[in-house]
Ligand SMILES: NC(=O)c1ccc[n+]([C@@H]2O[C@H](COP(=O)([O-])OP(=O)(O)OC[C@H]3O[C@@H](n4cnc5c(N)ncnc54)[C@H](O)[C@@H]3O)[C@@H](O)[C@H]2O)c1
């Protein structure tokens with residue numbers, strides 16, 4: 001049984017705690033949060049001991065793996081300390097705030113022999129996993145064009161308003177849009193060129209990516225009213241079919257007809273948390289199952305690696321600095 005130390009008991013920490021509660025080979029045995037009520041709430045799920053700061057947990061807790069769900073500007077510092085304590089570290093996305101921090105994390109992982117997985121959860125989300133398989137197998141030919149969108153109400157839930165403070169989160173570009181960029185890079189690699197437009201406060205970002213034989217557009221925003229539902233959609237035009245994930249339906253369109261693609265969902269045993277801007281443990285559960293499996297077996301992390309996440313962060317930072 002892996003002993004998990006969970007740092008940050010806010011929105012994502014809560015999601016992770018509920019995922020671990022459904023994972024047979026892991027148990028959250030220590031939690032840390034500056035807000036005692038948040039720490040207590042998650043500690044109660046598995047009877048974990050409570051620390052006030054992330055650093056205190058890293059220093060004192062007897063754990064096998066550490067999972068960091070802190071605001072982005074605190075990732076690098078805590079992850080590097082965690083790498084000195086345990087061999088398996090999970091860090092939420094975006095991996096860090098700056099290119100320098102990403103580089104320091106890579107150097108630390110090499111120095112301390114740490115295996116780091118980053119919460120680029122889309123790589124583990126069912127529909128996106130299926131799409132990646134279609135791209136890899138070439139079953140519908142090559143991608144001709146594609147569109148990925150991620151629309152969120154304004155994220156007001158963050159502790160100390162950190163999400164809406166660009167210097168702490170990077171805005172929607174780094175926090176939200178990074179999901180789709182990371183995914184596109186994972187299935188298509190880097191484009192030959194790209195063109196980005198955005199708002200000054202990084203609350204809306206739209207990028208056109210030109211590949212040798214394909215064009216991809218990626219749009220992300222979080223400046224919608226709280227009454228607007230969260231939406232993550234894609235439409236991928238292959239040579240022989242169009243695959244679309246929108247309005248809660250995963251569809252395949254060809255001249256022969258339209259057909260819903262069915263994906264078998266995993267039944268979870270514990271109480272799934274519902275809230276924030278996502279209502280499904282799906283990808284979060286899958287990524288942590290993978291992380292725990294690798295940590296238990298002492299194997300290398302090969303999906304959503306630190307290297308992948310740093311490349312995605314660097315690409316997004318280049319988009320945000322794009323001058324036209
Ligand atoms: N993968 C996803 O889809 C997804 C979705 C939402 C958030 N996230 C990421 O998860 C991370 C956390 O975001 P969130 O929405 O949970 O934020 P949040 O504000 O809800 O939670 C952060 C928590 O960290 C605590 N904290 C701050 N400093 C601390 C310290 N030094 N020691 C201990 N606790 C401390 C705060 O009290 C707060 O409870 C961010 O990197 C965010 O980008 C990922």
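Being modelled with pLDDT of 95 or more, more than 10 Å from the ligand (Cβ to nearest atom) and either over 19 Å from the mean Cα position of the chain (by Cα) or buried (at least 24 other Cβ atoms within 10 Å of the Cβ) (or both): is that true of residue 67 here? Break it down into steps so the answer makes sense when it comes.
Working: modelled with pLDDT of 95 or more: yes; more than 10 Å from the ligand (Cβ to nearest atom): yes; either over 19 Å from the mean Cα position of the chain (by Cα) or buried (at least 24 other Cβ atoms within 10 Å of the Cβ) (or both): yes.
Answer is yes for this residue.
When the residues of segment 134-165 are narrowed to those that are touching a strand residue (DSSP E or B) at 6+ places or on another chain (Cβ under 8 Å) and not in a strand (DSSP E or B), which ends up farthest from the ligand (Cβ to nearest atom)? Can you show your working first?
Step one: list which residues in segment 134-165 are touching a strand residue (DSSP E or B) at 6+ places or on another chain (Cβ under 8 Å), which gives 134-135, 140-155.
Filter again for not in a strand (DSSP E or B), leaving 134-135, 140-142, 154-155.
Working: 134: 23, 135: 22, 140: 28, 141: 31, 142: 29, 154: 13, 155: 7 Å.
Across segment 134-165, the extreme among qualifying residues is 141.
Quick check on my filter: what residues within segment 279-313 are at negative phi and part of a loop (DSSP other than H, G, I, E, B)?
So the first thing to find is which residues in segment 279-313 are at negative phi, and the list is 279-297, 299-303, 305-313.
Answer for segment 279-313, where residues must be at negative phi and part of a loop (DSSP other than H, G, I, E, B): 279, 280, 281, 299, 300, 301, 302, 303.
Just name the residue that is farthest from residue 101 (Cα to Cα) out of those in segment 47-58 that are within 12 Å of the ligand (Cβ to nearest atom) and without any contact (Cβ under 8 Å) to a residue 40 or more places away in the chain. Reasoning before the result, please.
Going residue by residue through segment 47-58, those that are within 12 Å of the ligand (Cβ to nearest atom) are 50-58.
Now narrow it down to the ones that are without any contact (Cβ under 8 Å) to a residue 40 or more places away in the chain: 50-53, 55-56.
Values: 50: 28, 51: 25, 52: 24, 53: 21, 55: 18, 56: 22 Å.
Checking each candidate, the answer is 50.
Can you go through 290, 273 and tell me which one is at pLDDT below 95 and surrounded by 16 or more Cβ atoms within 10 Å (Cβ to Cβ)?
Numbers: 290 fails: at pLDDT below 95.
Going through 290, 273 in turn, the sole match is 273.
Name the one entry in 2, 74 that is in contact with a strand residue (DSSP E or B) (Cβ under 9 Å, 6 or more places away or on another chain) and within 7 Å of the ligand (Cβ to nearest atom). Steps first, please.
Numbers: 2 fails: within 7 Å of the ligand (Cβ to nearest atom).
Answer to the selection: 74.
Scan segment 35-46 for residues that are more than 22 Å from residue 287 (Cα to Cα) and either within 10 Å of the ligand (Cβ to nearest atom) or in contact (Cβ under 8 Å) with a residue 12 or more places away in the chain (or both) and jot them down.
Keep residues of segment 35-46 that are more than 22 Å from residue 287 (Cα to Cα), which gives 35-41, 44.
Hits for segment 35-46 are 35, 36, 37, 38, 39, 41.
Checking residue 170 against (1) over 18 Å from the mean Cα position of the chain (by Cα); (2) touching a residue at least 60 places away in the same chain (Cβ under 8 Å), which test does it fail?
All conditions pass for residue 170, except number (1).
Could you say which residue among 119, 113, 102, 54 is out of contact with any strand residue (DSSP E or B) (no Cβ under 8 Å at 6 or more places or on another chain) and at negative phi?
Working: 119 fails: out of contact with any strand residue (DSSP E or B) (no Cβ under 8 Å at 6 or more places or on another chain); 113 fails: at negative phi; 54 fails: out of contact with any strand residue (DSSP E or B) (no Cβ under 8 Å at 6 or more places or on another chain).
Answer to the selection: 102.
Can you tell me which of (1) surrounded by fewer than 20 Cβ atoms within 10 Å (Cβ to Cβ); (2) in contact (Cβ under 8 Å) with a residue 12 or more places away in the chain; (3) under 21 Å from residue 260 (Cα atoms) is the one residue 125 doesn't meet?
Of (1) surrounded by fewer than 20 Cβ atoms within 10 Å (Cβ to Cβ); (2) in contact (Cβ under 8 Å) with a residue 12 or more places away in the chain; (3) under 21 Å from residue 260 (Cα atoms), only one is false for residue 125: (1).
Could you check how many residues of segment 237-250 are under 21 Å from the mean Cα position of the chain (by Cα) and touching a residue at least 40 places away in the same chain (Cβ under 8 Å)?
Result for segment 237-250: 2.
Yes/no matrix, rows are residues, columns are (1) in a helix (DSSP H, G or I); (2) under 28 Å from residue 38 (Cα atoms):
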{"site": "75", "(1), (2)": "yes, yes"}
{"site": "93", "(1), (2)": "no, yes"}
{"site": "104", "(1), (2)": "yes, no"}
{"site": "110", "(1), (2)": "yes, no"}
{"site": "122", "(1), (2)": "yes, yes"}
{"site": "132", "(1), (2)": "yes, no"}
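The values are calculated or read from the model by the stated rules, or taken from the named source; none is laboratory data. Source: prediction; values computed, not measured. Ideal geometry is used to build each Cβ from the backbone, glycine not excepted, and the neighbour counts take in all protein chains shown.
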